[in-house]
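Below is one structure, written out as structure tokens; comments come after it.
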Amino acid sequence: MQNGLQSGIQYCSREETLPYWCGSQCDEWIKASPKWLNCDLASNLDRKRSRQDLENGIKLTIVNHLRLAWKYRTQHTALQRTDSLSKVVMHMLDDGHYIDPAWLSKSGTDFYVDVFADSCKQGKLTYSGTRTIWFQVLWKPSRY
């Protein structure tokens with residue numbers, strides 16, 4: 001703010017009380033001053049960038065798509081009978097989500113599809129039914 005009076009009025013507006021003034025121009029200054037915006041820097045820095053992008057929807061990455069697809073499936077009754085991860089993701093894309101371009105450059109595995117289908121059978125997002133796949137994917141012999 002370049003106007004000291006408007007800066008002061010803006011700062012006082014954070015109290016959310018009715019202002020008292022005297023003088024003919026004060027009412028105009030109060031109306032012209034922007035409202036105070038509370039800014040908690042710690043929470044702003046912790047917030048994920050994909051969640052802040054409200055114009056384009058929520059970004060689906062290789063890391064978050066399984067959790068977001070599970071949450072989306074539980075919130076939409078039309079999808080609660082399906083165990084297809086690809087079907088849920090397609091509905092999410094139609095609903096404003098978008099895919100991270102970095103995910104497209106990586107090779108996807110069937111592991112997430114198996115985890116999602118098994119979780120649908122279990123009734124909760126779980127990796128317990130896919131432990132053998134975990135061992136095969138994560139602890140495979142090195143290729144030196």
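By how many nm would the segment from Thr82 to Gln6 lengthen if fully extended, with 0.36 nm per residue of separation less the alpha-carbon distance? Don't skip to the answer; put the middle values down first.
Values: separation 76, 0.36 × 76 = 27.36 nm, distance 5.61 nm.
That works out to 21.7 nm of additional length.
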- Note on the structure: The simple spin-label model distance between Thr17 and Lys121, using points 7 Å out along Cα→Cβ, in nm, is 6.4
- In sequence order, calculated HN-Hα J values of the range 121-129 (Karplus, 6.51, -1.76, 1.60; Hz; x Gly/Pro): 5, 6, x, 7, 6, 8, 10, 5, x
- At Ile99 and Gln136, where each label point lies 7 Å from the Cα along Cα→Cβ, what is the point-to-point distance in nanometres? 2.3
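All of the numbers you see were taken from the coordinates with simple rules; none came from a lab. Keep in mind the model is a prediction, meaning the values are calculated, not measured. All Cβ positions, glycine included, derive from the backbone under ideal geometry; neighbour counts span all protein chains shown.
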